[in-house]
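Below is one structure, written out as structure tokens; comments come after it.
The values are calculated or read from the model by the stated rules, or taken from the named source; none is laboratory data. None of the values given here were measured: they were computed from a predicted structure. FYI the Cβ positions are ideal-geometry reconstructions off the backbone, even for glycines, and counts take in every protein chain you see. Surface areas here come from the heavy atoms of the whole protein model, side chains and all, with no ligands, DNA or RNA. Shrake-Rupley method; radii C 1.70, N 1.55, O 1.52, S 1.80 Å.
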Amino acid sequence: MYELSTEYWFDSAHFLTDYHGKCENLHGHQWRVTAYVRSDELGPSGTERDMVVDFATLKRIVREECDALDHTFLVEEGSLAPATLEALASEGFSLTILPFRTTSENLARYLFDRLSSRGLPVYRVDCNETPNNRASYAPGRG
């Protein structure tokens with residue numbers, strides 16, 4: 001089994017809906033995302049001969065997905081009043097509306113799904129919200 005990983009960072013703000021503690025208030029993180037890919041076989045020919053995937057490709061795709069979230073306000077769909085969203089948008093704030101509570105766990109799963117949908121043989125994504133606090137998503141692991 002061959003495995004590769006790469007890391008990238010993005011900054012964003014969020015809050016946790018229905019949380020009773022400090023994280024219910026708007027705050028930000030520098031999220032560190034680590035994507036892991038693996039394969040039993042290496043590429044048979046062409047540019048990716050003897051590679052799981054070209055590191056340049058892996059880094060580019062992870063960077064693009066993280067950049068889409070960078071310096072945005074991550075908002076759980078339905079968690080803010082429409083008037084609030086309209087006011088933020090009218091002030092020029094970049095909003096990313098997501099169909100889930102914006103926890104590290106859900107962001108790890110979201111990024112896993114995004115990377116998988118782009119053809120990477122991803123098997124795990126880590127999402128650190130601080131240097132010491134990390135959530136991981138790897139389907140089928142128990």
### Query
For region 106-132, which residues satisfy the criterion of being surrounded by 15 or more Cβ atoms within 10 Å (Cβ to Cβ), within 25 Å of HIS20 (Cα to Cα) and either out of contact with any helix residue (DSSP H, G or I) (no Cβ under 8 Å at 6 or more places or on another chain) or among the hydrophobic types (A, V, I, L, M, F, W, C) (or both)?
ASN106, LEU107, ALA108, ARG109, TYR110, CYS127
### Message
On the basis of being open to solvent by 60 Å² or more (accessible area, probe 1.4 Å), of a type outside the set (A, V, I, L, M) and within 13 Å of the chain's Cα centre (by Cα), does ASP70 make the cut?
### Response
no
### Task
For region 34-56, name all the residues that are β-branched (Val, Ile, Thr) and under 22 Å from SER136 (Cα atoms).
THR34, VAL37, VAL52, VAL53
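Looking only at region 89-105, filter to residues that are open to solvent by 30 Å² or more (accessible area, probe 1.4 Å) and part of a helix (DSSP H, G or I); which one of those is nearest to TYR36 (Cα to Cα)? Working first, answer last.
Start the filter on region 89-105 by keeping residues that are open to solvent by 30 Å² or more (accessible area, probe 1.4 Å), which leaves 89-95, 97, 99, 101, 105.
Within this subset, residues satisfying the condition of being part of a helix (DSSP H, G or I) are 89-90, 105.
Details: ALA89: 35, SER90: 38, GLU105: 16 Å.
Per the criteria, the residue is GLU105.
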### Message
Could you check region 36-61 and list, in sequence order, the residues that are over 18 Å from the mean Cα position of the chain (by Cα), surrounded by 11 or more Cβ atoms within 10 Å (Cβ to Cβ) and assigned to a strand (DSSP E or B)?
### Response
ARG38, SER39, GLY43
### Message
From the list ALA89, ALA83, ALA108, exactly one residue is aliphatic (A, V, I, L, M), within 13 Å of the chain's Cα centre (by Cα) and closer than 22 Å to HIS14 by Cβ. Which is it?
### Response
ALA108
### Query
Restricting the first residue to region 91-108 and requiring it to be at pLDDT 95 or above, which pairs with a second residue that is among the β-branched types (Val, Ile, Thr) and open to solvent by 20 Å² or more (accessible area, probe 1.4 Å) meet a Cβ separation below 8 Å and a spacing of at least six or different chains?
ARG101/THR17
